[in-house]
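Have a look at the structure below before the remarks.
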There are 2 protein chains.
Amino acid sequence: MFVGLIMLLSTVNAKAQQSQSTDGQAVKKGMVKVTILYASGEGKKFDMDYYSNKHIPMVKSLLAGALKLTAIDKGISGAAPGAPAPFVVICYLYFDNVSAYQNAMAVNGGKIRADISNYTNIQPVIQISEVLE
Amino acid sequence: MFVGLIMLLSTVNAKAQQSQSTDGQAVKKGMVKVTILYASGEGKKFDMDYYSNKHIPMVKSLLAGALKLTAIDKGISGAAPGAPAPFVVICYLYFDNVSAYQNAMAVNGGKIRADISNYTNIQPVIQISEVLE
């Protein structure tokens, strides 16, 4: 009975963890967030299908271990209804600290950067931030 | 025994929900994310203390109900170690849909915008996005 309960709790816990990761819900204060911004503009192209189904899965696979969570935003508009969105896409990669990001990119950065031209002609802006809240 | 199990499961579930909300972790696909970016630059000033302790609490209070979650990032650097961060601060406000944001801002936007000069001389860039992942 006791063992059964513990097994049951473990199952519930594992499921909760999994859905937290899928939905990017395990964000903690102090984590390092790498924000990759693709600015919109005349003549700019972005293949969302390739990005979501090829590029991001590749990034997750290459940075597995160091990369804790990912999130992707698709631009709708500026502040005013109908105003153009400043960014086509903003992507977020969460790490425990800056070293974890730098070490992972030192090994895999070349392969990741080489794939950018497969989905966009936008030169992304990259920001490393600390999650305050 | 069966009732006991259900109660136990409910307790575990309730705890998981609670910690998700406290840490801003209840982000769901399809939510609307308003991103407010304060670009860095020569002569730019930003009072983080006022922003965290006065401005954001005021925004939360004014938009309560419509505003589901907030997040704040503080810039550390660009992609390369030591490179300047493109943004001093990036703030995120989550709503269920665009109308919820627009309706809340139609009533409270003036008061929120009037407070900006109390903590920064940076004109924020505002992006409305859909949370894809």
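Couple of notes before you dig in:
- Number of the exception - residue B:83 against (1) over 20 Å from residue A:92 (Cα atoms); (2) more than 15 Å from the chain's Cα centre (by Cα): (1)
- The criterion of being within 13 Å of chain A (Cβ to nearest Cβ), open to solvent by less than 40 Å² (accessible area, probe 1.4 Å) and aromatic (Phe, Trp, Tyr) does not hold for residue B:119.
- Options B:45, B:33; residue that is surrounded by fewer than 13 Cβ atoms within 10 Å (Cβ to Cβ) and touching a residue at least 60 places away in the same chain (Cβ under 8 Å): B:45
- The listed residue being open to solvent by 40 Å² or more (accessible area, probe 1.4 Å), closer than 18 Å to residue A:35 by Cβ, part of a strand (DSSP E or B) and at the interface with another protein chain (Cβ under 10 Å from one of its Cβ atoms), out of A:126, A:72: A:126
- Single residue of the stretch B:94-116 satisfying the filter (aliphatic (A, V, I, L, M) and within 12 Å of chain A (Cβ to nearest Cβ)) that is surrounded by the most Cβ atoms within 10 Å (Cβ to Cβ): B:105
- Filter result for residue A:35 (part of a strand (DSSP E or B) and in contact with a Gly (Cβ under 7 Å, 6 or more places away or on another chain)): no
- Qualifying residue in the stretch A:48-61 (condition: within 14 Å of another protein chain (Cβ to nearest Cβ), under 22 Å from residue A:121 (Cβ atoms), part of a strand (DSSP E or B) and of a type in the set (Phe, Trp, Tyr)): no
- Here residue B:52 clears all of (1) over 16 Å from the mean Cα position of the chain (by Cα); (2) among the hydroxyl-bearing types (Ser, Thr, Tyr); (3) open to solvent by 20 Å² or more (accessible area, probe 1.4 Å) except the condition numbered (1).
- Pairs where the first residue, in the stretch B:78-89, is more than 9 Å from chain A (Cβ to nearest Cβ) and the second is aromatic (Phe, Trp, Tyr) and assigned to a loop (DSSP other than H, G, I, E, B), C-beta under 7 Å, 6+ apart: none
- Test: residue in the stretch B:19-36 that is more than 19 Å from residue B:102 (Cβ to Cβ), of a type outside the set (A, V, I, L, M) and modelled with pLDDT of 95 or more: no
The values are calculated or read from the model by the stated rules, or taken from the named source; none is laboratory data. Predicted model, so just to flag it, every value in this text is computed and none were measured. Note that we place each Cβ from the backbone using ideal geometry, even for glycine, and neighbour counts take in every protein chain shown. Quick note on the areas: whole protein, heavy atoms, side chains included, nothing else; ligands and nucleic acids left out. Shrake-Rupley method; radii C 1.70, N 1.55, O 1.52, S 1.80 Å.
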